[in-house]
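**Student:** Sending over a structure as structure tokens; questions will come in a sec.
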């Protein structure tokens with residue numbers, strides 16, 4: 001199992017799916033490159049995850065709040081979540097609860113499991129084979145690269161400003 005974190009959440013509107021992007025907590029696979037795993041989720045699920053990430057509180061409990069309240073009253077808590085399988089574009093997850101020293105594993109949708117884990121600050125994992133199958137490379141643009149690019153652009157602009165039309169005439173050499 002590889003630990004992952006939420007890199008970003010894109011909440012769409014209308015009939016389009018939303019995307020939660022997970023990033024393995026690993027070293028770069030190549031200099032300046034990491035892997036990411038995009039998981040398409042429904043708009044309602046993305047909204048619930050967004051509410052959780054922003055730590056928004058409501059006067060009345062939302063569904064995930066109700067579930068966590070029930071767990072707390074049963075002396076249980078979310079231990080961890082594992083994204084354990086992918087078939088096509090459908091991901092599967094296991095939500096592992098801890099109650100009185102025993103672990104209870106439940107089948108769950110990744111969006112629900114991730115939301116519950118975030119609410120209880122429980123770790124997120126992905127199976128290595130799922131990561132290998134469903135990940136994409138992500139190129140990092142760090143500050144040093146941006147500075148080098150800006151310097152190159154400045155040199156290019158300086159070069160262009162010194163050009164004159166006669167520089168493009170055919171010359172016999």
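**Student:** Restricting to the range 64-105, name every residue that is surrounded by fewer than 11 Cβ atoms within 10 Å (Cβ to Cβ) and closer than 20 Å to residue 44 by Cβ.
**Tutor:** Matches in the range 64-105: 89 only.
**Student:** Still on this model: Kindly list, by first and then second residue, each pair from a residue in the range 76-88 that is free of Cβ contacts under 8 Å to residues at least 40 places away in the same chain to a residue that is part of a strand (DSSP E or B) and surrounded by fewer than 17 Cβ atoms within 10 Å (Cβ to Cβ), limited to pairs with Cβ atoms under 6 Å and residues at least 6 apart or on different chains.
**Tutor:** Note: pairs meeting the criteria are 76/99.
**Student:** Take residue 9 and tell me if it is at pLDDT below 85, within 22 Å of residue 91 (Cβ to Cβ) and outside any helix (DSSP H, G or I).
**Tutor:** No.
**Student:** With the condition kept exactly as written, say whether any residue in the range 78-93 is assigned to a helix (DSSP H, G or I) and in contact with a helix residue (DSSP H, G or I) (Cβ under 9 Å, 6 or more places away or on another chain).
**Tutor:** no
**Student:** So which of 117, 113 ends up being under 20 Å from residue 17 (Cα atoms), surrounded by 19 or more Cβ atoms within 10 Å (Cβ to Cβ) and either at pLDDT below 95 or out of contact with any helix residue (DSSP H, G or I) (no Cβ under 9 Å at 6 or more places or on another chain) (or both)?
**Tutor:** So the residue among 117, 113 that is under 20 Å from residue 17 (Cα atoms), surrounded by 19 or more Cβ atoms within 10 Å (Cβ to Cβ) and either at pLDDT below 95 or out of contact with any helix residue (DSSP H, G or I) (no Cβ under 9 Å at 6 or more places or on another chain) (or both) is 113.
**Student:** If I ask for residues that are over 8 Å from the mean Cα position of the chain (by Cα) and either at pLDDT below 90 or outside any strand (DSSP E or B) (or both), which ones from the range 20-38 would you list?
**Tutor:** Residues satisfying the conditions are 25, 26, 27, 28, 29, 30, 31, 32, 33, 34, 35.
**Student:** Can I ask one more? For the range 39-77, which residues satisfy the criterion of being part of a strand (DSSP E or B), closer than 24 Å to residue 16 by Cα and in contact with a helix residue (DSSP H, G or I) (Cβ under 8 Å, 6 or more places away or on another chain)?
**Tutor:** Hits for the range 39-77 are 39, 41.
The values are calculated or read from the model by the stated rules, or taken from the named source; none is laboratory data. Not measured: the values here are computed from a predicted model. Backbone-built Cβ (ideal geometry, glycine too); neighbour counts: all protein chains shown.
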